[in-house]
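Colleague: First, the structure itself, so that you have it in front of you.
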Amino acid sequence: MHQLIKDSKSRMDKTIETLRNELANVRSGKATTVLLDSIKVDYYGNMVPLKQVGNISVLDAHTLSVTPWEKQMVQIIDKAILEANLGLNPISDGTNLKIPIPALNEERRKELVKLVKKFGEDSKVAIRNIRRDTNDHLKRELKEKKMSEDQLRDAEGEVQKLTDEHIKLIDDTLKHKEKEIMEV
C-alpha cells in the first residue's frame, strides 16, 4: 500500500516537472536561454542541441547572445534559429549572434495565457488519472483481501491529499507564469 502511494507521488511529481518544462518554452517577452533549448543545429551531419556548439547568454532583459565555439557555425546557427519558427531574428556580426527578443503585443500575450492554461489543464487531468489508477489498484488489493476497508479508506485519503497538493502546485505555477506573460 505504501509503495503504491509512493509510486503515485513520484508519477505526480513527474507530471509537475513536465509542466514546468513545457512552460519554460513559452515565451514571456523576456530574454532567457531556455528559449533556445529546443533548437537543434546541423553539426557535421549530426543534429545537436544549440548549447553544444556555442555559448548562450543573456545580454539584457531583451537580448540573447550566442557565441559559437567554431566561427563557421555562425551561419548554420543563424539558419537553425530562423527555421525554429520562434519569431526570433538573429543579428550576426561575423563571430557572434545577437538575438533581440521582441516585446509581445496584448493579443499574443492572451494567446500565450490560453496555451499555458491548456498545459495546466492537461497536467491536472494527468494527476487525476494517476489518482484514479491508484484508487483502482487499491480496490483490487481490497478484493484480494490484502488490506482492510479501513486501510483502503486511509490510503484513498492519502492519495486524495497528494492529488490536492499537486493540483494546488499546478495552479500556483500557472498563476506565476500568467503573471510573467502579462507583465509589460
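Colleague: With springs connecting C-alpha atoms under 10 Å apart, model the chain as a Gaussian network and identify which of Ser123, Ser148, Ser92 has the largest mean-square fluctuation.
Modeller: Among Ser123, Ser148, Ser92, the largest GNM mean-square fluctuation belongs to Ser148.
Colleague: Using the alpha-carbon atoms, what tilt in degrees (0 to 90, nearest 10) does helix 73-83 show relative to the longest principal axis of the chain?
Modeller: Approximately 60 degrees, to the nearest 10.
Colleague: Past the 29 Å Cα-Cα mark, which pairs from Lys98/Lys177; Lys30/Lys124; Lys114/Lys139; Lys79/Lys117? Present the calculation step by step, with values, prior to reporting the outcome.
Modeller: On the way: Lys98/Lys177 26 Å; Lys30/Lys124 27 Å; Lys114/Lys139 37 Å; Lys79/Lys117 32 Å.
Result: Lys114/Lys139; Lys79/Lys117 exceed 29 Å.
Colleague: Shifting gears a bit: If you filter the range 1-107 for chymotrypsin sites (Phe, Trp or Tyr not before Pro), then keep DSSP loop positions with at most 14 other Cβ within 10 Å, what is left? Could you put the intermediate results ahead of the total?
Modeller: Working: sites: Tyr43, Tyr44, Trp69; in loops: Tyr44, Trp69.
Counting only loop positions with at most 14 other Cβ atoms within 10 Å, the chymotrypsin sites (Phe, Trp or Tyr not before Pro) in the range 1-107 are Tyr44, Trp69.
Colleague: Here is a follow-up. When the helix-only estimate is applied to the chain (DSSP H runs of n ≥ 4, each -39,500 (n - 2.57), divided by the residue count), what is the mean residue ellipticity at 222 nm, nearest 500 deg cm²/dmol?
Modeller: Working: 4 runs with 106 residues, N = 184.
Estimated from H runs of four or more residues: -20500 deg cm²/dmol.
Colleague: Would you mind finding the longest exposed-site-free stretch of the chain, with exposed trypsin sites (Lys or Arg not before Pro) meaning DSSP loop and at most 14 other Cβ atoms within 10 Å? Could the numbers behind the result be given before it?
Modeller: Working: sites that count: Lys71, Lys145, Lys146.
Maximal segment without exposed cleavage sites: 72-144.
Colleague: Of the chain, which part is the longest with no GluC sites (Glu not before Pro) in a loop (DSSP not H, G, I, E, B) and with at most 16 other C-beta atoms within 10 angstrom? Don't skip to the end; give the middle numbers.
Modeller: Details: sites that count: Glu70, Glu144, Glu183.
Longest gap between qualifying sites, sites excluded: 71-143.
Colleague: Report, in degrees rounded to the nearest 10, the 0 to 90 angle that the Cα long axis of helix 106-143 makes with the longest principal axis of the chain.
Modeller: It is inclined by approximately 30 degrees.
Quick note: the coordinates plus some simple rules give every number you see, no bench work behind them. Nothing here was measured: the structure is a model prediction, and the numbers come from that model. Positions of Cβ are generated from backbone atoms using ideal geometry, with glycine treated the same way; all protein chains shown enter the neighbour counts.
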